[in-house]
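First the structure, in the form of structure tokens, and then the observations on it.
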Amino acid sequence: MRLPVQVQAILFRKIHGETQYLLLKRIPGRGGEQEGFWQPVTGGLEEGETRIDALRREVHEETGIQNVIRIIPDVYYCEFQDFYRPEARQRLIKEHVFGVEVVSNEKITIGWEHSEYRWCRFTTAMKLLKWMENKEALEKLNKILSAEQ
């Protein structure tokens, strides 16, 4: 059973000192949209899972990645209404965002929920993302990573 809690994994890699972020294009019709839209890895917690368990499961399901270099917790948090599932309409969803670093040559294998993927720089990712909460989360992660350099 899915709980009203979601995790979001903003995957990133570093190539020659440059940070790139992975975005996935949602297939049309998913999330109530007529056209696909770009987003980070996102998914719900299942009963008995911790947020980290769910994060690792969703990263693997949506990208094929099993190994990560590190996880940056508590990048961002938001709450929103679940308008897309009729059985859960008006339910409050709590979303926890993590940064997830992967090796630069990691092979991506997208799942059925997405039509394509793209590694991109911060400015391009900000233009591609649709939802304000996704943009705010990416901005916060980018600030964290910039402060590390």
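The values are calculated or read from the model by the stated rules, or taken from the named source; none is laboratory data. Not measured: the values here are computed from a predicted model. All Cβ positions, even for glycine, are placed from backbone atoms using ideal geometry, and neighbour counts span all protein chains on display.
The criterion of at least 2 residues that are β-branched (Val, Ile, Thr) is met by the following helices (runs of 4 or more DSSP H) wholly inside the range 51-149: 51-63, 122-128. Figure legend. Inter-residue proximity from the range 22-47: first residues more than 20 Å from residue 5 (Cβ to Cβ) and charged (D, E, K, R), second residues surrounded by fewer than 13 Cβ atoms within 10 Å (Cβ to Cβ) and at pLDDT below 85, beta-carbon distance below 8 Å, spacing 6+ or different chains. Indicated pairs: 35/28.
Residue-wise test of (1) within 13 Å of the chain's Cα centre (by Cα); (2) modelled with pLDDT under 95.
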site: 77; (1), (2): yes, yes
site: 90; (1), (2): no, yes
site: 99; (1), (2): yes, no
site: 108; (1), (2): no, no
